[in-house]
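The values are calculated or read from the model by the stated rules, or taken from the named source; none is laboratory data. Predicted model only: the values in this text are computed from it and were never measured. Quick reminder, even Gly has a Cβ in these numbers, built from the backbone with ideal geometry, and neighbours come from all protein chains shown.
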Amino acid sequence: MQPSLILGLFGTIILFAVYHIGLKIAGDRVPLVYSSLAMMMGINAVILIYFLYTKYTAGLPEIQISKLWPVLMILCVVSFGMISADMIILYLYSHGASVSIVMPVALVGSIALVAFSGIVFFGEPVNVFKTLGLILSLTGCFLILRHS
């Protein structure tokens, strides 16, 4: 794997961890409605910044509207899923759930689901190391939940 990709992965891990710690802190203090509005505004701000950055640095390619609608619909569904998941996580945090349980279980569960989807729907290859990694990750989740 290229060093820039590894750096990007570590940056994503750090940002995601900071994000979940912030959710835990806000979960006890901020009503769920305000938190969800802040998340939506944040998501829209990031999209706008990326759009402007792309427009003024690399230029945006011309896209036919008929080809754009399916992509926009997929993005809407994904955004709804992300916002819904974040609202559930905020609800769990506001009701006393531990960040050391919610974050690892949610992440490993979603990783296992995405890996399984990649194998089943996209024909990604399965090997011993991928299978063993998923089994170990799910075992870790089980241990975290069992001894909490």
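Quick notes on this one:
- All conditions but one from (1) assigned to a helix (DSSP H, G or I); (2) over 19 Å from the mean Cα position of the chain (by Cα); (3) within 30 Å of residue 38 (Cα to Cα) apply to residue 96; the one that does not is (1).
- Residue check, residue 47 part of a helix (DSSP H, G or I) and either at pLDDT 70 or above or farther than 23 Å from residue 102 by Cβ (or both): yes
- Considered as a group, the residues in the stretch 128-148 that are part of a helix (DSSP H, G or I) and of a type in the set (S, T, N, Q) include one that is farthest from residue 98 (Cα to Cα), and that residue is 131.
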